[in-house]
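The values are calculated or read from the model by the stated rules, or taken from the named source; none is laboratory data. Nothing here was measured: the structure is a model prediction, and the numbers come from that model. Neighbour counts run over all protein chains shown; Cβ positions are idealised from the backbone, glycine included.
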Amino acid sequence: MNKYYKVLDKNNCAKDGGSFDYTEYINSGKEVPRIEDISLCNKGYHLTQYWNFCVIAEDNLIYEVEAIDVLKNDEVGVEEKIVCKSFKFIKQYKPIYDNNLNTGYYNTGYYNTGNRNTGYYNTGNCNTGICNTGYCNTGICNTGYRNTGDYNTGNHNTGNYNTGYYNTGYRNTGDYNTGNCNTGICNTGYRNTGICNTGYYNTGNLNTGSFNTKKPKYTQLFNKNILFSEYKKIEFPKYFYFELKEDYKKSWIESFNNASKEEVEDTIKLPNFSYKIFEEITGISKKMIQERLKWILN
């Protein structure tokens, strides 16, 4: 279970100018009033695992708290803060500020330069780990923003030795690659160059297999051909992009249960859509879709 903190000003209000007075809840053990329809940086109670990321004045008060109904966040890298519907105060936390050879403000660890770093030899802000440069990195020797892993350059990379954006795997150059040693965009597999290749050693775009150089005219959607020119125009519903847990179909269903009416409608409007194939892959049945639409409409 993650440990979270709430940072308040000297008057027991939010340290960044909020007017809500938390005084009656600090030692009562009661939950603060619930807030529904929460969203990060907009609505709800914001907490953090790294109190030093949020302290802005020496007289700020830091409390260890229990988060209730946390909104899932799929961001890669250090999670600066979370938003939840409610929380309970546990106890006040009184940090001991020491130098530990840090330079900057509110650093914890050793030899950090910058602000609000946790770990060792970090330069920049809000890094956790070792020898990171940039912002909100986790791991070792990352440069950029929200990298998880080691030796990444760029933003939102997961894995090691990636350069670019949103890469998963090892030694990828470019953006949105999955696998190892890819160059380009949206490649899956190994040593592909180009765009949206799956397999090995492909040069070109949208190839499946190995040692291909052409750009195919058609791809498949729901086991039927569709022109790539049409396929590229498709915007899949947002709930298709979810945090994958151990059970693949359960992860799909959990994400589907939070989908909006428009997202559910957009699902069945996809070209070549097949309830049977969709259920086979996701576990989401025609009945579940129809019931979801009916529930949302009511």
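Counting only helices (runs of 4 or more DSSP H) that fall entirely inside region 183-298 and contain at least 3 residues that are outside the structural domain of ASP37 (by TED's automatic domain parsing) and in contact with a Gly (Cβ under 7 Å, 6 or more places away or on another chain), the qualifying elements are 248-256. Taking the criterion of being under 19 Å from THR48 (Cα atoms) and either assigned by TED's automatic domain parsing to the domain that holds ASP74 or modelled with pLDDT under 75 (or both), no residue of region 106-125 qualifies. When TYR239, TYR275 are checked against the criterion of being over 22 Å from LYS72 (Cβ atoms), in contact with a Ser or Thr (Cβ under 8 Å, 6 or more places away or on another chain) and of a type in the set (Ser, Thr, Tyr), a single residue qualifies: TYR275.
When region 23-47 is filtered for residues that are of a type in the set (Phe, Trp, Tyr) and within 13 Å of ILE90 (Cα to Cα), only TYR25 remains.
Out of region 13-30, which residues are within 20 Å of VAL70 (Cα to Cα) and surrounded by 15 or more Cβ atoms within 10 Å (Cβ to Cβ)? Within region 13-30, ALA14, TYR22, TYR25, ILE26 qualify. Tallying residues that are closer than 22 Å to ILE268 by Cβ and among the polar types (S, T, N, Q) within region 208-237 yields 4.
The condition (being over 19 Å from LEU71 (Cα atoms) and surrounded by fewer than 11 Cβ atoms within 10 Å (Cβ to Cβ)) is satisfied by just one residue among LYS294, LYS286, LYS245, LYS224: LYS294. With respect to the conditions (1) in a loop (DSSP other than H, G, I, E, B); (2) within 15 Å of ARG146 (Cβ to Cβ); (3) modelled with pLDDT of 75 or more, PRO95 lacks only one, and its number is (2).
In the set (1) surrounded by 13 or more Cβ atoms within 10 Å (Cβ to Cβ); (2) at pLDDT 90 or above; (3) assigned to a loop (DSSP other than H, G, I, E, B), LYS10 fails one condition alone, (1). Somewhere in region 97-111, is a residue of a type in the set (Asp, Glu) and under 22 Å from the mean Cα position of the chain (by Cα)? No, that holds for no residue.
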